[in-house]
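One structure below.
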Amino acid sequence: MNEKIRIFAYLPSPRVWKSLITAKLGNVEVKVLGDKPKNLVDWLWDFDAKKLSNQDKDNLKNFERQGKRGFEGSLYKTDSFLRTQPFGTVPAGFNDDGSIGIFESNSIMRAVARNSTNTKLYGDNDPYLQSRIDSFLDANLIFAREFQVYVLELNLLNDQFYNRMKEAYLFYLDGIENALSKDDYISGPHLTIADVSFVCDVAQFLRERDRQHLIKERGYEIISKNFEKEFPKSCKHLLMVYNTDEFQKVMKGFLDGILS
Ligand SMILES: N[C@@H](CCC(=O)N[C@@H](CS)C(=O)NCC(=O)O)C(=O)O
């Protein structure tokens, strides 16, 4: 199979899992390049991403840029990386020859789904069904963005960050719980990329439970404390989908022991 999508990112990353799970469900070839988060300072951020030596870094001073979000210090982003990835973020997706950049993990996942013959994953080529899936993905991104800020600010947690996160969590899960009262899957009668995105982002959010001591030290309770009771349909759905082969092969027990 030929590479259809390439992704450069820190690994492991639930943002990349969205595309990898979709690739498994849709039989699409995705190539992933990357390293642990702390090691990405030693990589050339490019379609042809590669690990840099100190000598390489000296020769590539013109590509040295300051990290903007989640990274401190210098990153080596090529001009062509910033042309194709205007926000300069990872995961960075590309078409097969690197001429087109695709950013935002939900959009990279959509690109994988659009390359699949399994059209059910993304609304069966029906513009309305596809747009309904997009609606869930947009709602999911707002939740995920609040969550990104929450995680980055956990050491400095205050009422404002905490309450924004709590509201975003309750709003998103309330909508998912309602959707699951009507349909077997989030966006209709079968699994779509709306479910993939939900599982990856909510699973990552639930891992706030690992950090409950820190959250308590800051004077707060974990936001997902009553997830199982408050959102029973979402919880059941999460576990059901998470336990299927394609998800397990990528997520490798990530949620084991986290839910009661
Ligand atoms: N919502 C985006 C988030 C991407 C993002 O913010 N990535 C950060 C790391 S978590 C980044 O690449 N920062 C680059 C920088 O600091 O310059 C997605 O899901 O892809």
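The values are calculated or read from the model by the stated rules, or taken from the named source; none is laboratory data. Just so you know, these numbers come straight off a predicted model, no measurement behind them. Counting neighbours? That spans all protein chains shown, and the Cβs are built from the backbone with ideal geometry, glycine included. Side chains included, ligands, DNA and RNA excluded: accessible areas come from the protein's heavy atoms. Shrake-Rupley method; radii C 1.70, N 1.55, O 1.52, S 1.80 Å.
Key figures
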read-out: Residue match in region 74-93 (condition: at pLDDT 95 or above, outside the structural domain of V199 (by TED's automatic domain parsing), under 17 Å from the mean Cα position of the chain (by Cα) and part of a helix (DSSP H, G or I)); value: no
read-out: Meets criteria (open to solvent by less than 50 Å² (accessible area, probe 1.4 Å) and more than 11 Å from the ligand (Cβ to nearest atom)) for N95; value: yes
read-out: Unique match (being of a type in the set (V, I, T), buried (at least 17 other Cβ atoms within 10 Å of the Cβ) and either in contact with a Cys (Cβ under 6 Å, 6 or more places away or on another chain) or touching a residue at least 24 places away in the same chain (Cβ under 8 Å) (or both)) among I102, I142; value: I102
read-out: So G67, is it surrounded by fewer than 17 Cβ atoms within 10 Å (Cβ to Cβ) and either among the hydroxyl-bearing types (S, T, Y) or within 16 Å of the ligand (Cβ to nearest atom) (or both); value: yes
read-out: Among (1) within 22 Å of the chain's Cα centre (by Cα); (2) not in a loop (DSSP other than H, G, I, E, B) - the single one L255 does not satisfy; value: (2)
read-out: Y128 open to solvent by less than 60 Å² (accessible area, probe 1.4 Å), away from the ligand (no atom under 16 Å from the Cβ), part of a helix (DSSP H, G or I) and out of contact with any Phe, Trp or Tyr (no Cβ under 8 Å at 6 or more places or on another chain); value: no
read-out: Whichever residue in region 70-84 is without any contact (Cβ under 8 Å) to a residue 24 or more places away in the chain and within 14 Å of the ligand (Cβ to nearest atom) and, among such residues, is surrounded by the most Cβ atoms within 10 Å (Cβ to Cβ); value: L82
read-out: Of all residues making up region 98-113, the number that are under 18 Å from the mean Cα position of the chain (by Cα) and more than 9 Å from the ligand (Cβ to nearest atom); value: 7
